[in-house]
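Working notes, structure below.
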Protein chains: 4
Amino acid sequence: MTSYTAAVFPRPNAPIEFREFREPELEPGAALLHTLYSEVCGTDVHLHHGKLSGVPYPIIPGHVSIGVIAKMRGKLKTVNGDNLREGDVVTFLDVHETCGACYQCLVADQPTRCPSRKVYGITYSAHEGLLGGWSEAIYMKPGVKMIHIPKELSAETFIGGGCGLVTALHAVDMSRIRLGESIAVLGAGPVGQSVVALASLSGAGEVVAIDGVQQRLAFAAQMGATNTFDLAHARVDRLTLARSLTSGRGFDIVIEASGNPDAVSEALDLVRDGGRVVVCGHYTDNGSVDIHPHWQINRKHVELRGCWGSRYEHFHRAVEIASRFGGEKPWAQMAGRTYELADVASALAAVANRSAVKAVVRLNPAKADTD
Amino acid sequence: MTSYTAAVFPRPNAPIEFREFREPELEPGAALLHTLYSEVCGTDVHLHHGKLSGVPYPIIPGHVSIGVIAKMRGKLKTVNGDNLREGDVVTFLDVHETCGACYQCLVADQPTRCPSRKVYGITYSAHEGLLGGWSEAIYMKPGVKMIHIPKELSAETFIGGGCGLVTALHAVDMSRIRLGESIAVLGAGPVGQSVVALASLSGAGEVVAIDGVQQRLAFAAQMGATNTFDLAHARVDRLTLARSLTSGRGFDIVIEASGNPDAVSEALDLVRDGGRVVVCGHYTDNGSVDIHPHWQINRKHVELRGCWGSRYEHFHRAVEIASRFGGEKPWAQMAGRTYELADVASALAAVANRSAVKAVVRLNPAKADTD
Amino acid sequence: MTSYTAAVFPRPNAPIEFREFREPELEPGAALLHTLYSEVCGTDVHLHHGKLSGVPYPIIPGHVSIGVIAKMRGKLKTVNGDNLREGDVVTFLDVHETCGACYQCLVADQPTRCPSRKVYGITYSAHEGLLGGWSEAIYMKPGVKMIHIPKELSAETFIGGGCGLVTALHAVDMSRIRLGESIAVLGAGPVGQSVVALASLSGAGEVVAIDGVQQRLAFAAQMGATNTFDLAHARVDRLTLARSLTSGRGFDIVIEASGNPDAVSEALDLVRDGGRVVVCGHYTDNGSVDIHPHWQINRKHVELRGCWGSRYEHFHRAVEIASRFGGEKPWAQMAGRTYELADVASALAAVANRSAVKAVVRLNPAKADTD
Amino acid sequence: MTSYTAAVFPRPNAPIEFREFREPELEPGAALLHTLYSEVCGTDVHLHHGKLSGVPYPIIPGHVSIGVIAKMRGKLKTVNGDNLREGDVVTFLDVHETCGACYQCLVADQPTRCPSRKVYGITYSAHEGLLGGWSEAIYMKPGVKMIHIPKELSAETFIGGGCGLVTALHAVDMSRIRLGESIAVLGAGPVGQSVVALASLSGAGEVVAIDGVQQRLAFAAQMGATNTFDLAHARVDRLTLARSLTSGRGFDIVIEASGNPDAVSEALDLVRDGGRVVVCGHYTDNGSVDIHPHWQINRKHVELRGCWGSRYEHFHRAVEIASRFGGEKPWAQMAGRTYELADVASALAAVANRSAVKAVVRLNPAKADTD
């Protein structure tokens, strides 16, 4: 009987364990992927440290992944209406069980706030099965939305972008960039890097990345940043630099992707009067920040928006965008190194200590080669 | 030779003085109004205490006013294209000298941030002439935008709404209320009262006014509030009340019109996930507030907008709206009492100690009667 | 064994037949309503004449209905999260089987264009069961979205508004009315009457209804129209009238709710430069119209939007809006007469010959009384 | 005494004349440009044939131009706040005298519909002075908005884009392109070519140009079109091609830039359900077109917008965009040939017979060289 190895967080702050799982029987409408790639991102570090609430440990981490369909039960189609077949290389929306029947889904039109939604690699327990990407196989529950990795898209490009690319697309959509507008991106982690790339592809004018890690700034320049500011500069100097690039006015748009509460206040300083700020970096609770309503909100005539999670739409379009522009932007190089599943603890450590922007786990290499 | 009496703030924190001004000679395109009404609002209290920067004391306060055209030089028209004539009862946009030639006016399309703009009753010095409403006459510089008080609009209604009505319209426009949506209004001063009235006229569902003064809440109910919360309740109880009115979700819209920094944080608590917050109460610096980006912005998926000043458009439409709906909403009663110019210090004191929502100064009553 | 009588369109242009249906067995998640009210609208006339494509005759007409839950299998909840119980008076979204898994549902965010959607009373065959409202009972398939008729909402008010109210809310949302804006409504049928009512509740300024039937115009005035234009006036005279009401500019908003192709051209004439036109009256093919791109589109700087169907959101909010404002607007009187099921052919004839704005069928009166 | 030669349209359908104009005396705030470049576009062809109403012949054509400031009276600044100096190379907004005091300017916020606006090269008579670009010198009336051609922008690039670039930016802004969306551009003249370039810079996915002239399609491919359709294909085949590129759905966006009424109907066919159409090609009256409200508007759930003229904002940002992206898109090559002023009739003929996308007149070459 076939079995699969998966990496498991048994409980917060405990070492990763490797456990064997039997191949599951498929329900109607379900499928099994042989994993090719899964990612290691900041959320996994938070999960390891128990910083998210409501996580049903033990869990198999890994929310965005790519795999080959090994088995499926019944006829399955993508949202595009294309048939799915065994052997197809696909990725899937990690968010599942959005109910489609609650106020958030149907009246407020914001399924990212649906109370029923579950997330592969985060809110499914390992007791429920192979429901995370750090595993040789992933169980696609009936209704999970798979989509093909098209020929013109390398798997390395898409997994390099990963969940950060999808979140970045949501934030960039929210910012409504127009041709030639200036934008600052606070935080050059996986989300910030993709914000830089997508802003650049959107025809932004100045695209400034701000971070404290020199290699991240260098990578942001490859992604399309026209300028970078090092956090080693005092905050007031960053403001001066910002004004010097924008005829004294500040940026048309600032996107906060750092998770640092102070960055929200800095975003409100860096944006021009009447500009737009999107906050997408605070997925966990990193504390609070002092805001000055008169100077930073009212008088600024500013628009500030919080951006939580992503809709299927962002995931779908992220695949299309990476397919079309993957040759122009080095998503494939964003993960400094590719790790074996056995070595996933090192990948996690590299992300935790910021020696890598992000990390990627590669599995079943023979299967990828045959496709 | 004719002269006019005006009330003057000679310098911050000094008693009001009454000074005589000679009737000015009119430049081409200018006019002279005999004042009928001017208002006393919170900004005048701030001006009296020197809390606004860049004010060229001595000044004649009074920004929104109504008068009769006593003289004019040349042919003048309203924005509607109607001719202005001596004897017409008009009001005028207090903001003047917006340049129409700078980045804010022409590229960012936000003339409220034009650095050239000046405001009657605030940023003109008494040395420059009769450029404030607490005066028997007001000098209309060439290009000041006058508009008729139509027959169906009582002067008491429009001056009762006053600058708060115009600001409220800007904020309500920004909130994009849709039929049946719920709204909370923090602060039931002149702006908040008009927000309540305009939200009610817009077909909002629940309209909740929140304030610490019982008479203000009672007046808000007359303006259309479906519920009122007293600040005597603990903040957490206000949140509980809010949820009980909104199926546990919070308000679709919250408009902050209090000037209290804490109200910005409370607005973010009271609004539902994905809702909209407009901050229009912080026209002066009342300090800062602690905000929690994870819980109050990012995870809330919220939109928050600062609303600074008003455009001519809001003033123009405010006259139309007050004309049409003045019979339905008691703007005319918002000013508890009407004061003589000689008694304007009492009016100011009443506003300062919150014994009145706002106050109105009445002048030249004989002239109003003859029209 | 219980059976129920239903009115059936056996095929296009054939007389209505009355057929008996056995009480269906309930699938898990299903329910059975004893019908209290169903409506007769223009779509039913089109169905009777075979003017819609893809209709699986024989059908039981009647898309918007109200009933009492007679039986249910399993625990059911509304979108608000409230439990549904036997004896509850409810209405339900006639559109069902929107898939939630296609490009229209998930990427384009326009479920009204989902190719899987089916509609009670229109696209279900009578062979499939009691899936239309002209019947003593209606079968609620699993997942059909029921919602309570709240105590403060009379059933007569909601059925009076009916499908026209829901469509009108969609169109009015699309038009983004702001306080004081002027609006013309072309066509004073069930949709147009509710557009008038909702525009009035939204704080529109001039609300002008245009139709050729005098009683409809009189009713529109009760709904909140500030003016009415009779089609007996020449089109050029209507334009002159329009300009005289709008300082020569035309309406800020025009909503076409007539189904007459010429009305689309007239809407483009009546709207002001830069105004908004919503076309919601062309649910069937009534032919084409000559449009002049230079004068009517490009130079007008106009926005024109087509409005197809409704989302659950509009239905949900329509119930809330009718609950809150049902006392202010005479939706309950919109159906001139209430018919017995046996007399539904007369109801249909009254709608077809325009002697009534709409008609309502009343069933099971004893059941309504006991609730 | 200095005099300048200008080309003049004496009246409709008459040959161009060359007339001498004395150097004008400068009013305060005025300036005189020595022209370096002016353009010849389709509007000039219409002017030559008398197809625009209200043109005060004789006129000096040429609306978008570049020149060197030869003289100025008083201190002048750009909208950016930069000082203007003699010897500076500038361009200027051809639209002047927008009043800033009418309903269109101040309430509707659409200065392109201001009844006072005048346009250099179109609505000023040659009797009023050097108010068109086909002239050795152009008189800058007080208040005309000049802006520097920055060092990184070649004059050839900006004049190559010319008025079509500014119009295209307005249309592309209106279309609200999001990353990866598909767009079709009907008409590959000067406006259409810039729409293609700007859509490509905005990160559009498929960018399809449709025209009947093969060289225009080839040039569109250089501008960034991913596909081109020749009008030699039947309209139904173009629809088939369109669907094959868009998973059967049609384009997210269609921009009509052809001036052909039929193109408006085709745009409504080519766009997907719920997509956006912008009509910017109908600056003159080319007749009407049959539209089918049911199929093309209502059921399509489509948004269609007319785009008239441009605001200063578009002109300002067009300079910035051409500066930043002029190296990526061959605007400088769009004008097939550069003509001497003496040869402007040949330039006009080339545009009229479509042997060139557009043409450029070059003047005072010595002056350009010394700068």
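A short reminder: the numbers here are calculations on the coordinates, not readings from a lab. Values in this document were obtained by computation on a predicted structure and should not be read as measured data. Cβ sites come from the backbone with ideal geometry, for glycine too, and all protein chains shown count toward neighbours.
Distances between copies of residue A:214, taken at a point 7 Å out from Cα along the Cα→Cβ vector and listed shortest first: 5.8, 6.8, 8.9 nm.
For chain B, the alpha-carbon coordinates run over 68, 42, 39 Å along the three principal axes, in decreasing order. When residue D:328 is represented by a point 7 angstrom out along its Cα-to-C-beta vector, the spacings to that point in the other copies are 0.5, 5.0, 5.0 nm, nearest first. Going by a ≥ b ≥ c, the root eigenvalues of the Cα gyration tensor, does the range A:105-177 fall in the rounded group (a/c under 1.5), the prolate group (a/b larger than b/c) or the oblate group? Oblate is the answer for the range A:105-177, as a/c is 1.5 or above yet b/c matches or exceeds a/b.
Taking the C-alpha atoms only, the angle from helix C:214-223 to the longest principal axis of chain C is near 80 degrees. Where is the GNM fluctuation largest for chain D (alpha-carbon springs, 10 angstrom cutoff): D:49, D:96, D:282? Judging by the Gaussian network model, the answer is D:49. A cut-off of 5 Å between modelled amide H atoms, ignoring neighbours fewer than 5 places along the same chain, links residue D:181 with D:205. Dipole check for chain A: with +1 at the C-beta of Lys and Arg, -1 at the C-beta of Asp and Glu, and the Cα centre as origin, the magnitude is about 500 Debye.
Dipole magnitude of the range B:163-306 about its Cα centre, charges +1 at Lys/Arg Cβ and -1 at Asp/Glu Cβ only, in debye to the nearest 20?
In total the dipole reaches around 320 debye.
First check a/c for the range A:1-109, with a ≥ b ≥ c the square roots of the eigenvalues of its C-alpha gyration tensor; if it is under 1.5, answer rounded, and if not, answer prolate when a/b is larger than b/c or oblate otherwise.
Oblate is the answer for the range A:1-109, as a/c is 1.5 or above yet b/c matches or exceeds a/b.
With the convex hull of the Cα atoms taken as the outline of the protein assembly as shown, the averaged projected area works out to 55.8 nm².
Computed over the range A:283-338, the range of Cα coordinates on each principal axis works out to 45, 25, 23 Å, biggest value leading. Residue of chain D with the smallest Cβ distance to the axis mapping D onto B, distance rounded to whole Å: D:100, 2.
Within straight-line reach of residue B:141, meaning a Cα separation under 17 Å, sit the following lysines at least 8 residues removed in sequence or on another chain: B:71, B:75, B:77, B:118. In the range C:163-306, Cα pairs under 8 Å separated by at least six residues give a relative contact order of 22 percent. By the beta carbon rule, with partners counted only under 4.7 Å, chain B holds these lone Cys residues: B:41, B:99, B:102, B:105, B:114, B:163.
Which residue, C:136, C:39, C:27, has the most motion in a Gaussian network model of chain C that connects Cα atoms within less than 10 Å? The residue that fluctuates most here is C:27.
Could you calculate, for the range B:262-371, the ratio of the Cα radius of gyration to the Kirkwood radius, expressed as Rg to Rh? Write out the running numbers ahead of the final one.
On the way: Rg = 19.6 Å, Rh = 17.8 Å.
With Rg and the Kirkwood Rh in hand, the quotient comes to 1.10.
Look at the Cα gyration tensor of the range C:163-306: its axes a ≥ b ≥ c give a/c under 1.5, and that counts as rounded. Candidate cross-link partners of residue B:358 among the aspartates and glutamates, defined by an alpha-carbon separation under 12 Å and a same-chain spacing of 8 or more, comprise B:39, B:44.
Counting neighbouring Cβ atoms within 10 Å and putting the fewest first, the residues D:288, D:346 line up as D:346, D:288. For chain D, the mean residue ellipticity at 222 nm estimated from helices alone is -8500 deg cm²/dmol, where every DSSP H run of n ≥ 4 contributes -39500 (n - 2.57) and the total is divided by all residues, rounded to the nearest 500.
If you average over every viewing direction, what projected area does the convex hull of the Cα atoms of the range C:231-312 give, in nm²?
Here the figure is 6.1 nm², rounded to one decimal.
Rank B:219, B:170, B:187 by how far each Cα sits towards the positive end of the charge dipole of the range B:168-237 (+1 on Lys, Arg Cβ; -1 on Asp, Glu Cβ) and give me just the farthest. Positive-end residue among those listed: B:170.
The range C:76-143 has equivalent-ellipsoid semi-axes of 24, 18, 8 Å, by the square roots of 5 times the alpha carbon gyration tensor eigenvalues, sorted largest first. Sorted from shortest to longest, the distances between the residue D:97 label points of this copy and the other copies are 2.8, 6.4, 7.0 nm, with each point 7 Å from Cα along the line through the beta carbon.
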